[in-house]
Amino acid sequence: MWAKEGLHRVRVHIINPSDLSFGIGVITPRWLYVLAAATPGEFGDPILTDETLERFDPDTIQKGDIVGIGIHTANAYRGFELGRILRERGAWVVYGGIHATLYPQEAHERGGAHAVVRGDGDVVWGQVIRDCVAGQLQSDYDGGRVSGGEFRSARWDLMPPKSYMWASVQTVRGCPKHCSFCSVWRTDGQAPRQRTSDAVIHEVVQLRRVGYRFIALADDNFYPVSLGDIALARKQNKTARLEELISMREERFELMRRLAELPSDMVFFTQITMEAAEDTEFLDAMKRAHIRGALVGIESVTPEGLKEVYKQFNSTGADLAPRLQTFRKHGVHVLGSFIFGLATDKPETFDATVALAKQADLTFAQFVMMTPFPGTVDFERWEKNLGDKAERIDNVPVNRYWLLPGHRRPKLYFPHPKMSGEEIRQRTQAVWDEFYCTSEVWRRSKCATSLKARLAFVFISKLYRQMYANTGIATDSARRQTSTRWARWLARPCRRLFEAKALPDLKVPGRPATTPAFEIVGQ
Ligand code: SF4
């Protein structure tokens, strides 16, 4: 396909912007390969760039090229910078992603956008390219929320070799919860959209054939129907709703039965809510399906903290550690996620959190500082409270902090009733330091079965801490740069630990006979 105003063949670039490049990525940015699949074949293979690996070289752009840039709030600054540069070089610049969906006008004003796509790109991206080539590009496209059956399978054949530790496959989009700090339920919706087990299993098999045995199930919430949801629908005599929930649950079990048929060296990781600990039938199915780990949002160890983030469905107090240990007892390792800086936090909350993280047998943990992300209830409340009195940094109001370079952004956004922002930052850093000190990491590495696996565990724990704690929390750029260098150095040998022998002849498992999950109807 030849561009009308140029003499060269139209080339499509898709870019994942990032300020930090580590040479190796932990998890593949799935959306890049999904949009590649959504690029119409007549335009050839798109050129994909993930800046978490290496910086994009603007000299590779020719006049008339089409560039898709996907942004979330954290990388919007770099994304806008790239868009402006590439537009100046004559490219057609199109933005998509959560941030562009929430602030389309900003992408036009700050990022040099010719067009912005809101919502899912799976279907509409092809239309955008065709319109652009036909000279009919619109400034705004609404991709909406496509159904599970319309999710694109990713073009894994375009993934650069030896670049990522984990591949990523999505099985469901959307989450029925409504946590105040999370925008997923508003952007992806509260009605879970599940892919068929056929679509998921074909992608997984394709990845295992080329040597990926570690796969992140990049879902908003892998456990979209809890036993509590089913019990409530039954109690309220909502027959249609009950049938729908049971059918969704059965689809989860069907998928897990098929994953269980895959080679035993496969390892999946996902993201679920704590309620899954009540559902040991589900946890056992996860274990059989090789789902060895899950990120669980614990957020706060106090009931007041959970109330503040609308997450009262989590456990606290004496129930919390046993609840989390249930995952481990049923073969699912937990990456626990905690938030610091809630108004209810006290200095002693930090010690209590790290003590709980150790007591609950968490395999990994992350400790993030409360950040108001656009699209969330917290952000709306914060912005409303600020009114027209928002502090300005470099003439940018603090409620548009993503328009500042990373090192100029505040570390804490909400004034805290008991602690200064610096105190919260230091205490958070100390919690990371304590949880990931060498003796603790070595103690936790006992979950590995061989010395080699234990050493791998230590390496990965250290890498995780360098990538996510020191680059995110450190205030001084020297510490950030040192951490980035360390992460680059650690990432290469770590990646090799995840490599597996290719299995080019691996067959797609068929559909096993349907069994159990309907037993729940009679409970
Ligand atoms: S934090 Fe997790 S459980 Fe809460 S709304 Fe977001 S995806 Fe759902």
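Selection over segment 136-191 of residues that are crowded, with 20+ Cβ neighbours inside 10 Å and in a loop (DSSP other than H, G, I, E, B) gives a count of 13. Here is the figure for segment 281-325: residues that are of a type in the set (Phe, Trp, Tyr), closer than 18 Å to Leu227 by Cβ and open to solvent by 10 Å² or more (accessible area, probe 1.4 Å) total 1. Among the residues in segment 196-217, are any open to solvent by 20 Å² or more (accessible area, probe 1.4 Å), within 16 Å of the ligand (Cβ to nearest atom) and over 18 Å from Pro509 (Cα atoms)? No, that holds for no residue.
Yes/no per residue for (1) within 16 Å of the ligand (Cβ to nearest atom); (2) out of contact with any Asp or Glu (no Cβ under 8 Å at 6 or more places or on another chain); (3) over 26 Å from Gln271 (Cα atoms):
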residue: Ile85; (1), (2), (3): no, yes, yes
residue: Val94; (1), (2), (3): no, yes, yes
residue: Pro104; (1), (2), (3): no, no, yes
residue: His114; (1), (2), (3): no, yes, yes
residue: Tyr141; (1), (2), (3): no, yes, yes
residue: Phe151; (1), (2), (3): no, no, no
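So which of Leu232, Leu255 ends up being open to solvent by less than 30 Å² (accessible area, probe 1.4 Å) and at pLDDT 95 or above? Walk me through how you get there before you give the answer.
Values: Leu232 fails: open to solvent by less than 30 Å² (accessible area, probe 1.4 Å).
So the residue among Leu232, Leu255 that is open to solvent by less than 30 Å² (accessible area, probe 1.4 Å) and at pLDDT 95 or above is Leu255.
Glu250 falls short on exactly one of the conditions (1) in contact with a Ser or Thr (Cβ under 8 Å, 6 or more places away or on another chain); (2) within 16 Å of the ligand (Cβ to nearest atom); (3) over 15 Å from Pro176 (Cβ atoms), and that condition is (2). Exactly one residue out of Val354, Val368, Val301 is within 16 Å of the ligand (Cβ to nearest atom), under 25 Å from Gln429 (Cα atoms) and under 25 Å from the mean Cα position of the chain (by Cα), and it is Val368. The set of residues in segment 423-445 being free of Cβ contacts under 8 Å to residues at least 12 places away in the same chain and among the charged types (D, E, K, R) consists of Asp433, Arg443.
Kindly indicate whether any position in segment 319-332 is among the polar types (S, T, N, Q) and either more than 23 Å from Phe222 (Cβ to Cβ) or within 16 Å of the ligand (Cβ to nearest atom) (or both). No: segment 319-332 contains no residue that is among the polar types (S, T, N, Q) and either more than 23 Å from Phe222 (Cβ to Cβ) or within 16 Å of the ligand (Cβ to nearest atom) (or both).
Residues that are among the acidic types (Asp, Glu), closer than 24 Å to Val169 by Cα and touching a residue at least 60 places away in the same chain (Cβ under 8 Å): does segment 53-75 have at least one?
no
Consider segment 264-274 and keep the residues that are in contact with a Leu (Cβ under 7 Å, 6 or more places away or on another chain) and open to solvent by less than 30 Å² (accessible area, probe 1.4 Å). The one that is nearest to the ligand (Cβ to nearest atom) is Thr270. Check segment 465-488 and report whether any residue there is modelled with pLDDT under 60, over 21 Å from the mean Cα position of the chain (by Cα) and among the polar types (S, T, N, Q). Yes, there is a match, as at least one residue in segment 465-488 is modelled with pLDDT under 60, over 21 Å from the mean Cα position of the chain (by Cα) and among the polar types (S, T, N, Q).
Sort out which residues of segment 107-123 are touching a residue at least 12 places away in the same chain (Cβ under 8 Å), in a helix (DSSP H, G or I) and open to solvent by 20 Å² or more (accessible area, probe 1.4 Å), and write them in order of number. Show your work before the answer.
Quick first cut of segment 107-123, residues touching a residue at least 12 places away in the same chain (Cβ under 8 Å) only: 107-108, 110-123.
Next, only the ones that are in a helix (DSSP H, G or I) stay: 107-108, 110-111.
The answer is His108, Arg110.
Taken over segment 327-351, the criterion of being surrounded by fewer than 20 Cβ atoms within 10 Å (Cβ to Cβ) and either under 24 Å from the mean Cα position of the chain (by Cα) or charged (D, E, K, R) (or both) is satisfied by Arg328, Lys329, Gly331, His333, Leu335, Ser337, Lys346, Glu348, Asp351.
Among the candidates Arg186, Arg193, which residue alone is charged (D, E, K, R), within 17 Å of the chain's Cα centre (by Cα) and either within 30 Å of Tyr413 (Cβ to Cβ) or away from the ligand (no atom under 16 Å from the Cβ) (or both)? Walk me through how you get there before you give the answer.
Working: Arg193 fails: either within 30 Å of Tyr413 (Cβ to Cβ) or away from the ligand (no atom under 16 Å from the Cβ) (or both).
Exactly one residue qualifies, and that residue is Arg186.
The values are calculated or read from the model by the stated rules, or taken from the named source; none is laboratory data. Being a predicted model, the structure only gives us computed values, none of them experimental. Backbone-built Cβ (ideal geometry, glycine too); neighbour counts: all protein chains shown. Heavy atoms of the whole protein, side chains included, go into the accessibility calculation; ligands, DNA and RNA do not. Shrake-Rupley method; radii C 1.70, N 1.55, O 1.52, S 1.80 Å.
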